[in-house]
Amino acid sequence: MSSDAITTADQGHHLADSRRRIAARIVGRERELELTLAAVAAGRDIILEGPPGTSKTTMLSAITQEWGIPLLFVEGNADLTPAKIVGHHNPARVLREDYSPENFVPGPLVEAMLQGGFLYIEEFNRAPEDTLNTLLTAMADRSIAIPRVGRIEAKPTFRVIASMNPYDNVGTTRLSTSVHDRLNRLAIDYQDADAEEQIVHLRADADRPFGENLARDAVAVTRATRTHPDVRQGSSVRGAIDTTLVAGQLAELREIRSADAEEYPETVYDAMIVALSGRIHLDEAAETTPERVLREIWEDRFILEPAKAAPG
Ligand SMILES: Nc1ncnc2c1ncn2[C@@H]1O[C@H](COP(=O)(O)OP(=O)(O)O)[C@@H](O)[C@H]1O
Ligand SMILES: [Mg+2]
């Protein structure tokens, strides 16, 4: 067992308390939080596999804040070389002083190791192979050898958290089995509708001016983008948050005061265009546009099933 693992009953209590405090800042996600927390408390690294907007960053920042450690973000892409995550020697100082540990500028991996933080690599599967190898070595050894600097030892709370989007299929490397063998994994799906409504209330103050209606409608139409037959990947809760915020401003501009107003449905539609059209990714074969897809979804909600959208 790793020396970082939480082993004693005493620390077990401590972990349960800390879970309670973390949970208080997050809507739902009890199971995902418990499993992620168990993995990192066990001293392990983990990959969170889920589409954008599924509380990954929210959970990680709540955990690192509770632990009082930094959360360092890196986006995985083709430009993420090993030198970028490890760090480099300041070239001007190298010219003056030659290479030395003092003129080394740490990258996020070394920073996370030194500070005992979480290194969060989003879109892990977009990073080049040699970068993945550097990370795997650092994860396995909990230390890293840097030429002309020496060996950097990670503090005990250092973790690598990776994420990837299962819908993402362009420009990605298929992770090798040896990568998978070195990571724990948790698949995370979209929140349920109730949780999404709560998140919208929390982030968009949806109570004004449309009462509960706007949050419910924004969540319903956003969720419908995920199951529309022409859509490969729909919008996350971020689209529902923005639909709510934009509709609120449109209502103000148009002087609409309630969800009973005749103009309310069309206002939601206009907000959907702004907040959702760029967040839905159509199937390659689909002969339609995001706007047409959104009109269909809107008609389903406001014309075919007006009972569901009715004030109440
Ligand atoms: N469980 C949650 N509790 C509170 N807010 C959330 C929750 N999940 C998502 N959010 C909000 O939704 C947005 C996207 O969430 P985020 O955690 O950044 O998703 P991800 O990192 O998976 O892309 C953020 O504005 C965040 O505040
Ligand atoms: Mg995120």
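No value in this document is a laboratory result; all are computed from the given coordinates. In this text the structure is predicted, and so the values were computed from the model without any measurement. In this analysis, Cβ positions are derived from the backbone assuming ideal geometry, glycine residues included, and neighbour counts consider all displayed protein chains.
Remark: the HIS281-ALA261 segment gains 4.0 nm on full extension, using 0.36 nm per residue and subtracting the alpha carbon distance.
Can you work out the FRET efficiency for the pair GLN115 and VAL274, with r the C-beta to C-beta distance and R0 = 51 Å, to the nearest 0.05? After rounding to 0.05, the efficiency reads 0.80. Taking the C-alpha atoms only, the angle from helix 56-67 to the longest principal axis of the chain is near 50 degrees. Peptides 18-26, 223-231 ranked from most to least packed give 223-231, 18-26, packing being the mean of other C-beta atoms within 10 angstrom over each peptide's residues.
Taking the convex hull of the alpha carbon positions in the chain and averaging its projected area over all directions gives 20.1 nm². For the chain, the longest principal axis of the C-alpha atoms and the axis of helix 30-41 are separated by about 10°. Counting only DSSP beta bridges with both residues in the range 45-187, the antiparallel share comes to about 30 percent.
Each helix, a run of at least 4 DSSP H residues, gives -39500 (n - 2.57); summed and divided by the residues of the chain, these come to -14000 deg cm²/dmol at 222 nm.
If R0 equals 41 Å, the separation of the Cβ atoms of LYS155 and ILE303 corresponds to a calculated FRET efficiency of about 0.10. Once Rh for the range 168-294 is found with the Kirkwood sum over Cα pairs, what is the Stokes-Einstein diffusion coefficient at 10 °C and 1.306 mPa s, in µm²/s? Here the translational diffusion coefficient equals 99 µm²/s. Between ASP194 and ARG226, the modelled label-to-label distance comes to 1.6 nm, taking each label 7 Å out from Cα in the direction of the beta carbon. Computed from backbone phi with θ = phi - 60° and the Karplus coefficients 6.51, -1.76 and 1.60, the 3J(HN,Hα) list for the range 124-134 is 3, 6, 8, 7, x, 3, 5, 5, 4, 5, 4 Hz; x is used for glycine and proline.
Axis angle, to the nearest 10 degrees, between helix 264-276 and the longest C-alpha principal axis of the chain: 30 degrees.
Less than 5 angstrom separates the built amide H of GLN233 from those of HIS281, all sequence-distant by 5 or more or on a different chain.
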